[in-house]
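K.L.:
Attaching a single structure in structure tokens format; questions to follow.
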Amino acid sequence: AERYNPHAIEPKWQERWEQEGLYTFHEDPSKTKFYALTMFPYPSGNLHIGHWYANVAPDARARWLRMRGYNVLFPMGFDAFGLPAENAAIRNNLDPAVWTYSNIEYMTGQFKRMGTMIDWSRKFATCDPEYYRWNQWFFTEFFRRGLVYKKDGLVNWCPKDQTVLANEQVVDGACERCGTPVQRRNLSQWYMKITDYADELLDFSGTDMPERVRLMQTNWIGKSVGAEITFDTPAGPETVFTTRPDTLMGATFLVLAPEHPKVAALTTREQAEEVRAYVEAAGRKTDVERQQEGEKTGVFTGSYATHPVSGHQIPIWVADYVLVTYGTGSIMAVPSGDQRDLDFARKFGLEIIETVRPEGAEPMDVATVSEAYSGDGIIVNEGPLHGMKGGKAHITAVIDRLAELNVAQPKTTYRLRDWLFARQRYWGTPIPIVYCPEHGAQPVPDDQLPVRLPENVEFTPTGQSPLKLDREWIATTCPVCGGPAERDTDTMDTFVDSSWYMYRFLSPHDDGHPFDPAKADLMPVDLYTGGIEHAILHLLYSRFWTKVMRDMGLTTLSEPFRALRNQGIILGPDGEKMSKSRGNVVDPDDLVREYGVDTVRAYLMFIAPWELGGPWDPSGINGPSKWLSRIWALYFDEKAVGPEEKVTEAELRYAVHSTLKKVSGDFDRLSFNTIIASLMELTNTLVKAKRSPSHATPAWEEALDIFNRMLAPVVPHIAEEIWMERGGAQSVHVQPWPEVDEAAATRDTITIGVQVSGKVRGQVEISRAATQEEALAAARANPDVARFVEGKTTVKEIYVPGRIINIVVKP
Ligand code: ANZ
């Protein structure tokens with residue numbers, strides 16, 4: 001046949017597969033289900049090389065599982081709400097819906113050209129009213145359960161995007177989307193009570209997640225076990241949270257966060273001006289700036305607190321290294337045990353008292369000490385803790401002792417805050433609440449959902465939400481009394497949309513439930529793949545959501561994902577992240593036009609260990625490209641060019657079956673680059689075998705058949721063409737994965753050491769099945785052995801099968 005031309009075969013097969021519904025998922029009780037899901041993309045307009053990298057390898061694996069007899073659900077949709085659509089609307093005067101749906105259309109076409117086995121009949125976008133209706137339904141259910149609530153408080157505000165942000169969306173003090181420094185504002189906002197699930201979210205026993213992800217989530221949740229201790233102050237009792245109550249006797253001052261509500265009441269007239277200026281300056285700094293290492297700042301309030309054990313008067317300070325959002329927003333400062341407190345005490349000349357002393361050490365010289373001691377030791381202060389062991393490891397005994405004396409209460413604190421999920425933007429799910437002057441905030445009844453976004457709204461350059469300006473849309477009636485009421489004009493964070501979308505694929509068009517309960521058994525997602533950047537936000541929220549759904553009786557699962565794996569990132573040839581401004585972007589469409597889909601697929605699997613990623617090497621694609629041409633020639637070029645080779649039938653079968661075994665194991669472990677490498681190596685052997693006498697044996701036909709099936713998951717188009725040309729009745733993609741012939745997959749010869757009178761004299765290669773006679777004959781034929789045996793009388797001959805040959809001779 002003619003030479004390999006991917007452009008002739010790829011569109012043909014893609015069209016045929018689609019016509020035949022080859023990849024449409026049907027429930028089938030006779031097979032084990034496998035739900036494979038890759039994180040759905042935002043419809044930005046284009047699939048870039050990162051999307052290909054993230055999707056191609058999981059597609060190959062899903063195809064492999066399908067060939068292995070699993071009923072594989074492999075759907076895809078679009079995470080379609082969010083700011084870029086709205087910004088495009090402001091810039092180009094385009095309706096966000098029009099912009100979004102045309103992008104989805106285009107990107108779906110790109111996905112199809114990738115040759116994946118995605119079941120497109122299940123596609124949906126989160127901006128479909130049929131989808132976001134269920135966000136609203138969840139909201140009202142959560143609201144009734146007290147899991148959604150509105151509260152006043154300090155929140156993160158992005159002045160550029162004109163919206164509040166969740167803590168999770170503030171990275172190094174800046175908006176994770178646009179990089180603008182985040183401001184703190186006092187606003188009334190909607191929250192979700194994720195903190196109710198903090199402890200359960202720390203338990204990863206029901207989900208197989210990479211260590212890195214578990215660690216990031218654990219740190220984000222930030223559980224601290226400690227105690228609360230109350231100090232009397234002129235403004236009433238003040239409770240502090242401490243993880244080191246064993247250092248209580250070394251507490252020489254209290255520190256309040258600048259935003260702490262007692263600051264004003266505790267500030268004396270003399271200190272008023274200084275405190276006011278300090279608090280104002282602190283308000284202009286971000287939390288990150290405030291927690292950075294460096295010179296400590298602070299100011300004295302002029303007031304004193306009473307130490308609950310010693311009764312001493314200790315000064316009360318205000319300093320911005322204490323955060324209002326953590327613990328109680330105030331601390332007891334222990335300079336001898338905490339470095340920040342020590343730096344602070346040194347700078348302002350405050351008292352230092354040693355508390356925990358390492359065993360056998362000299363007393364701390366408090367006049368000169370510059371390093372706090374935070375380790376274990378003995379508590380050296382006079383008083384109720386004297387002589388007890390101190391340090392993190394001994395906290396429980398200390399807390400018990402202090403609790404007995406009514407000085408401390410055990411307390412566990414979390415860094416995790418409730419999820420602020422309201423946004424002041426248009427392109428999101430409207431919050432289904434109406435405000436009635438009579439009945440307050442009322443959820444919109446189910447039969448009135450969805451609350452649709454109004455169409456043809458006006459966008460202003462300031463970014464202010466058009467919902468706020470749409471009087472007609474805002475005006476509604478109270479579900480309780482029917483009187484005039486107003487809609488909430490906020491929309492939901494898009495992370496709400498992605499928290500439960502994996503359930504929607506079970507029955508994407510169900511209009512009676514978020515998903516059809518009869519299909520619940522298709523969950524959990526057996527393998528979820530995507531980027532590590534979602535370690536905290538999306539993955540934590542979706543774990544939370546499933547736990548709430550379980551408590552609502554919607555699922556019996558506690559975790560949405562049986563396993564999670566993260567792919568790495570493909571960087572530009574310069575090793576930098578690809579970006580338009582750097583000009584180092586690789587466009588997969590260009591590559592497909594030049595090399596065809598299968599080559600791009602093979603290259604993306606081959607380029608790097610999938611979980612690591614690496615820089616794009618533009619010349620590297622020639623390897624996979626040539627490889628596919630060699631495969632083509634192997635099957636279709638009748639003339640076997642080159643010198644005659646001697647690949648035996650056994651060698652050929654060994655190459656085929658050992659590769660098959662390796663490739664299966666590699667698919668299992670998601671080691672895609674080694675799959676391609678093994679298949680390339682096998683191609684070499686096959687090319688040689690074609691020029692060998694083994695060409696005419698049944699082993700040759702078997703080799704071509706098995707190799708063809710092995711190619712199917714990774715390069716599905718060329719594999720299909722070969723299969724059909726070889727007379728396949730049905731697609732190669734509905735064929736079973738070949739079985740390994742274990743005997744053929746292991747070399748049937750072994751190397752055995754030969755001893756003469758107990759000394760190793762040589763080695764022989766013999767058949768694994770060799771008899772004692774055959775083994776001994778081979779040993780004697782070996783010249784290294786023969787030298788020591790010839791002319792001597794043999795006393796004894798032993799063959800321990802598979803281990804050793806020993807010939808004992810008379811000297
Ligand atoms: C006294 C003490 C002595 C402390 C000592 C530490 C060492 P984690 O582990 O992060 O939970 N702290 C409490 N609330 C704070 C706030 N709002 N802003 C800044 N720091 C705060 O840390 C708990 C410790 O951090 C607490 O224990 C408290 O200082 C401080 F030798 O209390 B410790």
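The values are calculated or read from the model by the stated rules, or taken from the named source; none is laboratory data. If you're wondering where the values come from, they're calculated on a predicted model, not measured in any experiment. Note that each Cβ is placed from the backbone with ideal geometry, even for glycine, and that neighbours are counted across all protein chains shown.
K.L.:
Tell me the residue from 503, 528, 541 that is farther than 16 Å from residue 562 by Cβ, surrounded by 21 or more Cβ atoms within 10 Å (Cβ to Cβ) and not assigned by TED's automatic domain parsing to the domain that holds residue 422, please.
P.N.:
Residue meeting the stated conditions: 541.
K.L.:
If you don't mind, there's one more thing I want to ask. Kindly list, by first and then second residue, each pair from a residue in the range 225-240 that is more than 21 Å from residue 401 (Cα to Cα) to a residue that is more than 16 Å from the ligand (Cβ to nearest atom) and at pLDDT 95 or above, limited to pairs with Cβ atoms under 6 Å and residues at least 6 apart or on different chains.
P.N.:
234/303; 235/265; 235/266
K.L.:
Here's another thing I want to ask about it. Any residue that is hydroxyl-bearing (Ser, Thr, Tyr) and closer than 28 Å to residue 711 by Cα - is there at least one of those in the range 554-563?
P.N.:
No, because not a single residue in the range 554-563 is hydroxyl-bearing (Ser, Thr, Tyr) and closer than 28 Å to residue 711 by Cα.
K.L.:
Report yes if residue 221 is within 10 Å of the ligand (Cβ to nearest atom), among the hydrophobic types (A, V, I, L, M, F, W, C) and surrounded by 15 or more Cβ atoms within 10 Å (Cβ to Cβ), otherwise no.
P.N.:
no
One line per residue, one yes/no per condition, for (1) under 20 Å from residue 507 (Cβ atoms); (2) among the charged types (D, E, K, R):
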residue	(1), (2)
23	yes, no
34	yes, no
58	no, no
74	yes, no
77	yes, no
92	no, no
95	no, yes
99	no, no
113	no, yes
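K.L.:
A further question follows. Residue check: is residue 515 at pLDDT 95 or above and in a loop (DSSP other than H, G, I, E, B)?
P.N.:
yes
K.L.:
Among the residues in the range 257-280, are any of a type in the set (D, E, K, R), at pLDDT 95 or above and within 18 Å of residue 332 (Cβ to Cβ)?
P.N.:
Among the residues of the range 257-280, at least one is of a type in the set (D, E, K, R), at pLDDT 95 or above and within 18 Å of residue 332 (Cβ to Cβ), which makes the answer yes.
K.L.:
Has the range 72-80 got any residue that is among the acidic types (Asp, Glu), modelled with pLDDT of 95 or more and touching a Gly at 6+ places or on another chain (Cβ under 8 Å)?
P.N.:
no
K.L.:
Of the conditions (1) crowded, with 17+ Cβ neighbours inside 10 Å; (2) more than 36 Å from the chain's Cα centre (by Cα), residue 281 satisfies every one except a single condition; which number is it?
P.N.:
It is condition (1) that residue 281 fails.
K.L.:
Pull out all pairs, ordered by first then second residue, where Cβ-Cβ is under 8 Å, the residues are six or more apart or on different chains, the first lies in the range 324-338 and is within 17 Å of residue 375 (Cα to Cα), and the second is small (Gly, Ala, Ser) and within 6 Å of the ligand (Cβ to nearest atom).
P.N.:
Taking only residues 6 or more apart or on different chains, the pairs are 337/374; 338/374.
K.L.:
Restricting to strands (runs of 3 or more DSSP E) lying wholly in the range 261-360: which have 2 or more residues that are within 16 Å of the ligand (Cβ to nearest atom)?
P.N.:
Per the criteria, 313-318, 330-333.
K.L.:
Going through the range 745-770 one residue at a time, which ones are under 25 Å from residue 655 (Cα atoms), over 50 Å from the mean Cα position of the chain (by Cα) and among the β-branched types (Val, Ile, Thr)?
P.N.:
Hits for the range 745-770 are 764, 766.
K.L.:
Any idea which residue in the range 725-756 is modelled with the lowest pLDDT, counting only those that are closer than 25 Å to residue 781 by Cβ and outside any loop (DSSP other than H, G, I, E, B)?
P.N.:
For the range 725-756, the residue satisfying everything is 749.
K.L.:
Where residues in the range 643-683 are small (Gly, Ala, Ser) and touching a residue at least 12 places away in the same chain (Cβ under 8 Å), which of them is surrounded by the most Cβ atoms within 10 Å (Cβ to Cβ)?
P.N.:
Filtering first and then ranking leaves 655.
K.L.:
Can you list the helices (runs of 4 or more DSSP H) lying wholly within the range 1-99 that have 2 or more residues being within 18 Å of residue 596 (Cβ to Cβ) and touching a residue at least 40 places away in the same chain (Cβ under 8 Å)?
P.N.:
Hits in the range 1-99: 6-20, 49-67.
K.L.:
For the range 101-117, enumerate the residues that are closer than 21 Å to residue 49 by Cα, without any contact (Cβ under 8 Å) to a residue 60 or more places away in the chain and within 28 Å of the chain's Cα centre (by Cα).
P.N.:
Scanning the range 101-117 gives 105, 108, 109.
K.L.:
Of the conditions (1) at pLDDT below 95; (2) among the polar types (S, T, N, Q); (3) away from the ligand (no atom under 16 Å from the Cβ), residue 167 clears all except one; give me its number.
P.N.:
Failed condition: (3).
K.L.:
Given (1) in contact with a Lys or Arg (Cβ under 8 Å, 6 or more places away or on another chain); (2) within 27 Å of residue 450 (Cβ to Cβ); (3) buried (at least 22 other Cβ atoms within 10 Å of the Cβ), where does residue 592 come up short, assuming only one miss?
P.N.:
(2)
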